[in-house]
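A.B. asks: Have a look at this one.
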Amino acid sequence: MAAARALGRTDVELLEQTIGDNLTETVARHGDREAFVVTHQGIRQTWAEFGTTVDRVAKGLMARGIAKGDRVGMWSPNFAEWTYIQYATARIGAIQVNINPAYRTNELEYALRQSGCRMLVTRTEFLTSAYREMVDEVRPALPELTDVLYFDTADWNDLLAAGDSVGDDELAERAATLRPEDPINIQYTSGTTGFPKGATLSHRSILNDALLCGAAQGFSLDDRLCIPVPFYHCFGMVMGNLACSIYGATMVVPCPSFDPGAVLQAVQDERCTALYGVPTMFVAELGHEDLASFDLSTLRTGVMAGSPCPIEVMRKVIDQMNMSEVTIAYGMTETSPVSTQTIATDSVEHRVTTVGRVLPHVESKIIDPETGETVQRGVGGEYCTRGFHVMLGYWEDPEKTAEAIDDDGWMHSGDLAVMDDDGYVNIVGRIKDMVIRGGENIYPREIEEFLYTHPAIADAQVIGVPDERFGEEIMAWVQLAPDAQLTEDELKEFCRGKIAHFKIPRYVHFTTEFPMTVTGKVRKVEMREKAIADLGLQSAAATETA
């Protein structure tokens, strides 16, 4: 049997240019076509208009003293200004630091200090986030942060006006000094312990990842992509914005933070052909009470990613949302972010049961986590990848970088995966999420997929909780479908005879929501902590860590 290692297809030629140069080409080719629609701000621009705005912002940043390599923090939900800053910093070689809009003072101060931000672009407030108050609190401890711009005030017009003092020739001179390999973006990964790490990405890595992600969907300038996923994450800014600017497709931004009704409305009104989301977003859209009333007939493709995609949810997206060519993507922030993806022409079976094959120009392998040896096809192990998409490293953290990227350039994901004989990969869980019950290795994903087949269950998450006898026991957190009813005993009875007895959840918790990160990833660590407290398992937990 062949080893579980694959070399990516090479049918798409990589781009050897900067993000700014690529945008210039798109503006020149498709200047009169619609580029950017932000429904919640009433903004609608052609590529020529979008390019002009980006250049004005870029020159404004130069006028305020931002040099090549300076770090500029961006801290906001999805507003047009976020996207302008994204392209403007790339245009002048500044490194944009993406800051999670859910961060509070401790996390904000860490990100700004660790990255050495010279400038921060943000809003005064949004919903429960008092951004100005938090900035005022941390700024005295950050001497390197010399400039803060609140884009929902007169500051934004002042920035544009300042740019009028910078000539087009000065902007061109700056752009000429940039190289595709230059660092251009720092994204803080949400680690389960300790402070997040700043994955540093280059023009080349994110531009080409966007290129290949769009190719997998069959993108063209006729596509209109609805982007409800956060810009601060690669899903929004790379797979979303950059993929559109490469192909001349239209960016449609439906809401500053996710709202299923706003997304469905934007898809209908803007005649979107593609839609992005993490599984929980699609679950919310499928469960919207007025789903049937929206015209989704223009939808064709899109990406479901960010966390393991339940098979039943995927099938419903294809059947009920008209996304016949929807794709599944897998990766991590450190890989810009996509490593594997199904393509629009893959069979439905491959698109609902795998995360596709390795991207063109990329390598992947599955290794035994203990020995580091490549395992056989069909055998589980840790997913590793290398290629253009792997980060330059964690910002100013060579020790953590060396832990993640080995001497041969392989990025170790920490994810458990299986590769079949045709190179299709299935992610079966996180190495740290694997439950060991009485010596049995149990993958939560397998139980979650089974629970999804119950008609009363809309969503399910499975975790391990401490147990004095078995070491760990299975617990299921379950969201019921609208108007559905299900008891704990009925759920367990549904499992009996269909999955092994040791996989049947001992504990069941019915809930209306899961604790999540802003990108829609379920926080299983938080679920476990709550379960220990609610179930009174402190003594078992103490035994576990003794």
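A.B. asks: What number of residues within region 80-109 are among the aliphatic types (A, V, I, L, M), open to solvent by less than 10 Å² (accessible area, probe 1.4 Å) and in a loop (DSSP other than H, G, I, E, B)?
C.D. replies: 1
A.B. asks: On the given criteria, is R506 farther than 17 Å from I311 by Cβ and modelled with pLDDT under 90?
C.D. replies: Taking the combined requirement at face value, the residue does not satisfy it.
A.B. asks: Inspect all residues belonging to region 356-371 and state whether any of them is touching a Lys or Arg at 6+ places or on another chain (Cβ under 6 Å) and open to solvent by 10 Å² or more (accessible area, probe 1.4 Å).
C.D. replies: Among the residues of region 356-371, at least one is touching a Lys or Arg at 6+ places or on another chain (Cβ under 6 Å) and open to solvent by 10 Å² or more (accessible area, probe 1.4 Å), which makes the answer yes.
A.B. asks: Related question: Select from region 502-531 the residues that are assigned to a helix (DSSP H, G or I) and touching a strand residue (DSSP E or B) at 6+ places or on another chain (Cβ under 7 Å) and write down the one among them that is farthest from N100 (Cα to Cα).
C.D. replies: Once the filter is applied, the top-ranked residue is F502.
A.B. asks: Now for a different question. Looking at (1) of a type in the set (A, V, I, L, M); (2) modelled with pLDDT under 95; (3) under 30 Å from F195 (Cα atoms), which is the only condition V390 fails?
C.D. replies: (2)
A.B. asks: Just need a number here: residues in region 1-50 that are of a type in the set (G, A, S), in a loop (DSSP other than H, G, I, E, B), crowded, with 17+ Cβ neighbours inside 10 Å and in contact with a helix residue (DSSP H, G or I) (Cβ under 9 Å, 6 or more places away or on another chain).
C.D. replies: 1
A.B. asks: Do we find that E349 is acidic (D, E), out of contact with any Ser or Thr (no Cβ under 9 Å at 6 or more places or on another chain), under 24 Å from I366 (Cα atoms) and open to solvent by 10 Å² or more (accessible area, probe 1.4 Å) in this structure?
C.D. replies: Here the answer is yes, as E349 does meet what is asked.
A.B. asks: Here's something else I'd like to know. Might you let me know whether region 222-231 holds any residue that is open to solvent by less than 10 Å² (accessible area, probe 1.4 Å), outside any loop (DSSP other than H, G, I, E, B) and of a type outside the set (K, R)?
C.D. replies: Yes: region 222-231 contains one or more residues that are open to solvent by less than 10 Å² (accessible area, probe 1.4 Å), outside any loop (DSSP other than H, G, I, E, B) and of a type outside the set (K, R).
A.B. asks: Which one of K521, K492 is of a type in the set (K, R) and either open to solvent by 60 Å² or more (accessible area, probe 1.4 Å) or free of Cβ contacts under 8 Å to residues at least 12 places away in the same chain (or both)?
C.D. replies: K521
A.B. asks: Output the number of the condition that R179 fails; it satisfies all remaining conditions of (1) under 24 Å from R204 (Cβ atoms); (2) surrounded by fewer than 19 Cβ atoms within 10 Å (Cβ to Cβ); (3) free of Cβ contacts under 8 Å to residues at least 60 places away in the same chain.
C.D. replies: With respect to (1) under 24 Å from R204 (Cβ atoms); (2) surrounded by fewer than 19 Cβ atoms within 10 Å (Cβ to Cβ); (3) free of Cβ contacts under 8 Å to residues at least 60 places away in the same chain, R179 is out only on (3).
A.B. asks: Listed residues I463, I436, I427, I447; which is under 30 Å from the mean Cα position of the chain (by Cα) and surrounded by fewer than 17 Cβ atoms within 10 Å (Cβ to Cβ)?
C.D. replies: Testing whether each residue is under 30 Å from the mean Cα position of the chain (by Cα) and surrounded by fewer than 17 Cβ atoms within 10 Å (Cβ to Cβ) leaves just I436.
A.B. asks: Scan region 372-399 for residues that are touching a residue at least 60 places away in the same chain (Cβ under 8 Å), surrounded by fewer than 22 Cβ atoms within 10 Å (Cβ to Cβ) and outside any loop (DSSP other than H, G, I, E, B) and jot them down.
C.D. replies: Across region 372-399, the qualifying residues are T374, Q376, G393.
A.B. asks: Going by the structure shown, is L112 over 22 Å from the mean Cα position of the chain (by Cα), of a type in the set (A, V, I, L, M) and buried (at least 23 other Cβ atoms within 10 Å of the Cβ)?
C.D. replies: It is false that L112 is over 22 Å from the mean Cα position of the chain (by Cα), of a type in the set (A, V, I, L, M) and buried (at least 23 other Cβ atoms within 10 Å of the Cβ).
A.B. asks: Additional query: Filter region 42-57 down to the residues that are of a type in the set (D, E, K, R) and free of Cβ contacts under 8 Å to residues at least 60 places away in the same chain, then identify the one that is farthest from E170 (Cα to Cα).
C.D. replies: R44
The values are calculated or read from the model by the stated rules, or taken from the named source; none is laboratory data. Just so we're clear, the structure is a prediction, and the values are computed from it rather than from any experiment. Quick reminder, even Gly has a Cβ in these numbers, built from the backbone with ideal geometry, and neighbours come from all protein chains shown. Areas reflect the complete protein model, heavy atoms only, side chains present, ligands, DNA and RNA absent. Shrake-Rupley method; radii C 1.70, N 1.55, O 1.52, S 1.80 Å.
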